[in-house]
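Okay, so here's the structure we're looking at.
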Amino acid sequence: MQIEFFKYQGTGNDFVILDNRKLSFDKNDTKLIAKLCDRKFGIGADGLILLENHPVYDFKMVYYNSDGRESSMCGNGGRCLVAFAKQLGIITQKCVFEAIDGMHEATISDDLVSLKMQDVTILESYTNHVFLDTGSPHHVTLVKDLKSFDVVRAGSSIRRGAPYFEKGTNVNFVEQAGSDIFSVRTYERGVENETLSCGTGVTAVALAMHHLKKSSEEVCLLTPGGELKVVFKKTAKGYENIFLIGPACLVFKGIYPC
């Protein structure tokens, strides 16, 4: 058996993407998924994404973390899948697709993808952090000297600590870099390490910073892998019309022998 794969990245958040419209890939083979994502013995990626047919929308997104387990929404992965769908000729400039957290709209121009995220109605504020769900759960905390901050040590401690425990959370460390500009580093559950960028994470950071009255409704997020933008509208119900905007690029494609 051979698997044709495509490697994409969105601000350094990288994914193995497979065209599974014929449903030929065994989605229960967690060991194979983890092996494909392994950076030493496989292709190497933060996660694996399947593009599948959908009865109503343009396509369906199925996302797995690099540990082989199906996971919650991945914002950068969704943007990369839009670019992949365009490459396949499924879409041109606009699309609607279904992910694990529901329906998403997106537009693409060249390599720039604008992805509409789900509305957020609940933000939980604590003394030292904000918690919210932007398709995936996120713990957001402000720190000083982010560049030298030990993200892996602190993130792994918070990730399974109270009140998150086994279900866990993603952990974002933030430092303000200017007016409506924030530097972000993220520890991702499922990857169990810092990633160069996290789409749902920077979305959570943008909303949290606005919630704390530190930003406007258009925020620039500086990650180790590049720059993303999040725009949104604050309403009486919460946050709506949330868009995650940034590049999504093909890195290479190939054949993986099983």
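A few comments on the model shown:
- Filter result for the condition that a residue is in contact (Cβ under 8 Å) with a residue 40 or more places away in the chain and among the β-branched types (Val, Ile, Thr), over THR121, THR92, THR127: THR121
- Odd one out for PHE84, checked against (1) under 24 Å from THR223 (Cα atoms); (2) assigned to a strand (DSSP E or B); (3) of a type in the set (A, V, I, L, M, F, W, C); (4) more than 12 Å from the chain's Cα centre (by Cα): (2)
- Test: residue in the range 58-72 that is among the β-branched types (Val, Ile, Thr), in a strand (DSSP E or B) and under 15 Å from LYS27 (Cβ atoms): yes
- Restricted to the range 203-238, and to residues there that are assigned to a loop (DSSP other than H, G, I, E, B) and in contact with a Gly (Cβ under 9 Å, 6 or more places away or on another chain), the residue that is nearest to GLY12 (Cα to Cα) is GLY225.
- Within the range 37-78, considering residues that are in contact with a Ser or Thr (Cβ under 9 Å, 6 or more places away or on another chain) and of a type in the set (Lys, Arg), the one nearest to ILE91 (Cα to Cα): ARG69
- Of the criteria (1) under 22 Å from GLY10 (Cβ atoms); (2) out of contact with any Leu (no Cβ under 7 Å at 6 or more places or on another chain), which one ALA154 fails: (1)
- Verdict on ILE108 being surrounded by 14 or more Cβ atoms within 10 Å (Cβ to Cβ), assigned to a loop (DSSP other than H, G, I, E, B), touching a residue at least 12 places away in the same chain (Cβ under 8 Å) and not assigned by TED's automatic domain parsing to the domain that holds LEU222: no
- Checking ILE100 against (1) closer than 22 Å to SER197 by Cα; (2) β-branched (Val, Ile, Thr); (3) out of contact with any Gly (no Cβ under 9 Å at 6 or more places or on another chain), the condition it does not meet: (3)
The values are calculated or read from the model by the stated rules, or taken from the named source; none is laboratory data. Since the structure is predicted, the reported quantities are computational estimates derived from the model, not experimental observations. FYI the Cβ positions are ideal-geometry reconstructions off the backbone, even for glycines, and counts take in every protein chain you see.
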